[in-house]
1. Just one of K80, K140, K111 is within 30 Å of T58 (Cβ to Cβ), in a helix (DSSP H, G or I) and out of contact with any Phe, Trp or Tyr (no Cβ under 8 Å at 6 or more places or on another chain); which is it?
2. Listed residues E18, E71; which is over 28 Å from E177 (Cα atoms), modelled with pLDDT of 85 or more and not aromatic (F, W, Y)?
3. For a quick check of your reading of the model, give me the residue pairs whose first member lies in the range 132-151 and is at pLDDT 90 or above, whose second is of a type in the set (S, T, N, Q) and not in a helix (DSSP H, G or I), with beta-carbon atoms closer than 9 Å and at least 6 apart or on different chains.
4. Given the criteria out of contact with any Gly (no Cβ under 6 Å at 6 or more places or on another chain), surrounded by 14 or more Cβ atoms within 10 Å (Cβ to Cβ) and not hydrophobic (A, V, I, L, M, F, W, C), does R109 qualify?
5. Output the residues belonging to the range 123-182 that are out of contact with any Lys or Arg (no Cβ under 9 Å at 6 or more places or on another chain), of a type in the set (D, E, K, R), surrounded by fewer than 18 Cβ atoms within 10 Å (Cβ to Cβ) and closer than 15 Å to D7 by Cα.
6. Report, by residue number, each residue of the range 47-67 that is assigned to a strand (DSSP E or B), within 16 Å of M83 (Cβ to Cβ) and out of contact with any Leu (no Cβ under 8 Å at 6 or more places or on another chain).
7. Just to verify a result, which residue in the range 35-46, among those that are out of contact with any Ser or Thr (no Cβ under 7 Å at 6 or more places or on another chain) and assigned to a helix (DSSP H, G or I), is nearest to K178 (Cα to Cα)?
8. Considering every residue within the range 98-110, establish whether at least one is under 24 Å from the mean Cα position of the chain (by Cα), over 23 Å from E181 (Cβ atoms) and among the charged types (D, E, K, R).
Amino acid sequence: MIEEIKDDAGTRMGKSIEAMKQSLSKIRTGRAHASLLDHIKVDYYGSEVPLAQAANITVEDSRTLMVSPWEKTMVQVIEKAIMKSDLGLNPNTAGTSIRIPMPPLTEERRKDMVRIVRAEAEATRVAIRNIRRDANSDFKELLKEKEISEDEERHAQEDIQKLTNHFVEQVDKLLAEKESELMEI
């Protein structure tokens, strides 16, 4: 019973880290990378699909992305979707392909991005702590129902705290990596 609760907590904390990685990948650093466009959806014959399913996305150089739609008719739709996204990009259409230059980030914009990244990291830490709280309350419930002893409960809580510390360290590491990535020119 205790192991199940610990496993569940570990799985949920891992998912929180994955969600953080996903949202950090959307925050652009001035360098071109294909995952930047992952969250953009385009209208493909009446249904909303991710851009990657309607076009090939490649990195042309460190500051330029190239989007090659599978079909000619999708060029305008994809260009419009990129312009409407919250990324602040201005795509250039050249025949059947779309070039997306990455504008350099200003110092002020970099600091705003760092603030956003820190807020994201804190939200992930809070989520991890909430998972710890849930697991600890499950242990207290088991103790109350006399299914485990007080020693077992204390050891289980210590294990959950170690797990929590491990995942919070991962959050801090991801935060430091993203901050240094954002602040490099």
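The values are calculated or read from the model by the stated rules, or taken from the named source; none is laboratory data. In this text the structure is predicted, and so the values were computed from the model without any measurement. All Cβ positions, even for glycine, are placed from backbone atoms using ideal geometry, and neighbour counts span all protein chains on display.
1. Details: K140 fails: within 30 Å of T58 (Cβ to Cβ); K111 fails: within 30 Å of T58 (Cβ to Cβ).
None of the other options fit; the residue is K80.
2. On the way: E18 fails: over 28 Å from E177 (Cα atoms).
Unique residue meeting the criteria: E71.
3. none
4. Numbers: out of contact with any Gly (no Cβ under 6 Å at 6 or more places or on another chain): yes; surrounded by 14 or more Cβ atoms within 10 Å (Cβ to Cβ): yes; not hydrophobic (A, V, I, L, M, F, W, C): yes.
Spelling it out, R109 is indeed out of contact with any Gly (no Cβ under 6 Å at 6 or more places or on another chain), surrounded by 14 or more Cβ atoms within 10 Å (Cβ to Cβ) and not hydrophobic (A, V, I, L, M, F, W, C).
5. R133, E158, K162 - these are the residues of the range 123-182 that are out of contact with any Lys or Arg (no Cβ under 9 Å at 6 or more places or on another chain), of a type in the set (D, E, K, R), surrounded by fewer than 18 Cβ atoms within 10 Å (Cβ to Cβ) and closer than 15 Å to D7 by Cα.
6. If the condition is that a residue be assigned to a strand (DSSP E or B), within 16 Å of M83 (Cβ to Cβ) and out of contact with any Leu (no Cβ under 8 Å at 6 or more places or on another chain), then A55 is the only one that fits.
7. Looking at the filtered set, the residue picked out is L36.
8. Residues of the range 98-110 that are under 24 Å from the mean Cα position of the chain (by Cα), as a first pass: 100-110.
With the extra rule that they be over 23 Å from E181 (Cβ atoms), the set shrinks to none.
No, the conditions are met nowhere in the range 98-110.
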